[in-house]
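Everything on this sheet refers to the single structure shown next.
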Amino acid sequence: MNFFITGTDTGVGKTFFTALLTRAMRQAGFGTVAVKPLCSGSREDVEILHRANDCVLSEDAMNPYWFSTPVAPLVAARLENRAVDFCGLEAWLADLRKKHPSILVEGAGGWLVPVSSRHTVADLAHLFGLPVIVVVANRLGCLNHALLTIESIRARGLECAGWVLNSFAGSTGPAEISNRQILSEFCDAPFLGELQAGQTAFDLAGSPLFS
């Protein structure tokens, strides 16, 4: 099972969910590894995924592009006089898929974040051709962000495998309470679950991902 993990924005919980799903799939015997092709700023996300992988891959093998400034990969690369080689990333993932039966690829920032002068995260997902899971931050404004993201995924000919709602501690306003129901009414992509702050496991039982 292979998936591309994107989000409605930066800081919405992509790494949190990807790590939970990686551990659950590894425990279920899928031999899953998580990777993050592009990382800007702190490498903490890569370190989290590295641990979720039980350290079977080095951080450099998981994350070929690491930029020091916490901005969009395109901007961060330009600050370092570097560029993202898309053909190189395609070959990188193809090589990993020869060695690992199940891979989760975490994107950078939101769906349309620029990663090169001509490409966005969406182009990267299209290059890899994997079903896409959307992590939605449960907060005011997420309805628009989530629906636009899912619409764009499908417009590019990719499958939206589902969406998860990430609820932060103290998120108890009217928007946070109603977002799950309203998104379910307006979106026919599978609802995969609601994440809670401090959650340590993801239950695969009965998940639409494996039905």
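Each residue in W163, W111, W66 was given a count of other beta-carbon atoms within 10 angstrom of its own, and listing them fewest first yields W66, W111, W163. Beyond 29 Å, the tail of the calculated P(r) for the chain holds 20 percent of the Cα pairs. Of the beta bridges in the chain, as assigned by DSSP with both residues counted there, near 5 percent are antiparallel.
What net charge do the residues around A91 carry, taking every other residue with its C-beta under 14 Å from that of A91, with Lys and Arg at +1 and Asp and Glu at -1? Overall, the nearby charge balance is 0.
Translational D (Stokes-Einstein, µm²/s) of segment 101-176 at 25 °C and 0.890 mPa s when Rh comes from the Kirkwood sum over C-alpha pairs? If you can, show how the numbers build up before the last one.
Working: Rh = 13.5 Å.
The Stokes-Einstein estimate is 182 µm²/s.
Using bins of 10 Å that start at zero, the share of Cα-Cα pairs per bin across segment 27-93 amounts to 21, 46, 27, 6, 0, in whole %.
Provide the gained length on full extension for the span D123 to E151, in nm with one decimal, where the gain is 0.36 nm per separating residue minus the Cα-Cα distance. Before the final figure, lay out the partial values.
Numbers: separation 28, 0.36 × 28 = 10.08 nm, distance 1.47 nm.
That works out to 8.6 nm of additional length.
Label-to-label distance for T200 and A28 is 2.1 nm, based on points extended 7 Å past Cα in the beta-carbon direction. Normalised Debye scattering of segment 62-157 at q = 0.17 Å⁻¹ gives log10 I(q)/I(0) of -0.85, counting only Cα atoms as equal scatterers and leaving out solvent.
With an 8 Å cut-off on Cα pairs and a minimum separation of 6 or more residues, tell me the relative contact order of the chain in percent.
Working: 378 pairs, mean separation 53.6, N = 211.
About 25 percent, as a whole number.
The separation of segment 70-109 from segment 127-152, counted between C-alpha centres, amounts to 20 Å.
Rounded to the nearest 0.05, what FRET efficiency do A94 and E44 give with R0 = 30 Å and r taken as the Cβ-Cβ distance? Could you check? Computed FRET efficiency for A94 and E44: 0.65.
Throughout, read-outs are computed from the coordinates displayed, never taken from laboratory work. Because the structure is a prediction, the values reported are computed rather than measured. Glycine also receives a Cβ, built like all others from the backbone with ideal geometry; neighbour counts cover every protein chain displayed.
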